[in-house]
1. If you average 1/r across every pair of different Cα atoms in the chain and take the reciprocal, what Kirkwood value do you get, in Å?
2. Going by Cα centres, the range 29-79 and the range 270-293 are how many Å apart?
3. From the cross-link list K88/K183; K46/K183; K46/K182, which pairs have alpha carbons spaced over 26 Å apart?
4. For E223 paired with S34, estimate the spin-label separation in nm (one decimal), with each label point 7 Å from Cα along the Cα-to-Cβ line.
5. Can you say what percent of the DSSP beta bridges in the chain, counting only those with both residues inside, are antiparallel? Round to 5.
6. By how many degrees, 0 to 90 and rounded to 10, does the Cα axis of helix 120-130 deviate from the longest principal axis of the chain?
7. Starting from the Cα gyration tensor of the range 5-66, take the square roots of the eigenvalues, sort them a ≥ b ≥ c, and report rounded, prolate or oblate (rounded when a/c is under 1.5, otherwise prolate if a/b is larger than b/c, else oblate).
8. To one decimal place, what Kirkwood hydrodynamic radius in Å is obtained for the range 149-249 from all pairs of distinct Cα atoms?
Amino acid sequence: MELPVTYRRRTVTTDDVAFLRQLIADNPEASRRSLSFMVCEAWDWKQDNGSPRDAVCRGLLLLLHRAGLIELPAPKWRSSRPAQRHRKPEPIELDRSPIVCDLAALGPLTIASVRRTDDEAVVDGLIEEHHYLGYTRPVGAHLKYLVRAGDGRPVACLIWSSAPRHLAPRDRYIGWSAEARKKNIRHVVYNGRYLILPWVEVKHLASHLLGRMARMLPSEWQEAYGHPVYFAETFVDMAIHRGTCYLAANWVPMGQTAGLGPRNTTKKPDRSKKEVLGLSLHRRFRQLLKEES
């Protein structure tokens, strides 16, 4: 590996590698995680919410270690059951009797962020069991929501996460440069899962919840990650769904995906093309997202 090298928007020079070597030598008893926190503090490498970028830093240290540029200490802990870390969510036991009524009859709806709470398992389990795509652990920043009716019964689940970096229909719609996208992609949020529970038949519920989420997300994301979001996006497989609730909630069609999977090397579609829908979360979203400085 030749230096300098850029990793997750940080450029590492020969001086940085020399610093890391000295840091490791000065702290022979430190674990890899401890070293990561030391590096984050020394480089002032923080997330937008002020937390150290520990996971990213460990990835960088491991990259340099494997390239022979530094020598990390041996790992001090290994899971004896690594498969357990990615186990599928368990089914959730709850009242599944039909809910068939109008929106007002549901009572006051509660939309609660459940990440790192006991209800997170409820969202994961319900999506795994009832969403046609199942549950996949989100990558990067994400928030999960459980919606309950006035009587406390769950009626819907939503997962929002970091947006993909490259998405041609979205990029054309916003009109930003590559530099602006690199800087501002964190201000775009992706709705990866949306589930109205199959025994819930309430007209206008789906679009109503999307409208409420659009008003909540900027401040909720700000509180969780230290910055707001200005634009939301999602994919709709038109062979399965029509995206009616999104359109009713003022989401805008921006074009179709190319139908290329992440490991596609032929440039020929190997999966269904999906409609890309977007929603402004700020009246000046284009101006804000196109800023480069």
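1. Final number for the Kirkwood radius of the chain is 21.8 Å.
2. 33
3. Going by Cα-Cα distance, K88/K183 fall outside the 26 Å limit.
4. Each label point lies 7 Å from its Cα, and together they span 3.6 nm.
5. About 85 percent, rounded to the nearest 5.
6. Approximately 60 degrees, to the nearest ten.
7. Numbers: a/c = 1.64, a/b = 1.18, b/c = 1.40.
The shape class here is oblate.
8. Working: mean 1/r = 0.0660 Å⁻¹.
Evaluated over the range 149-249, this radius sits at 15.2 Å.
Bear in mind that the values in this text are calculations on the coordinates, not laboratory data. None of the values given here were measured: they were computed from a predicted structure. Please note: Cβ atoms are built from the backbone with ideal geometry, for glycine as well, and neighbour counts cover all protein chains shown.
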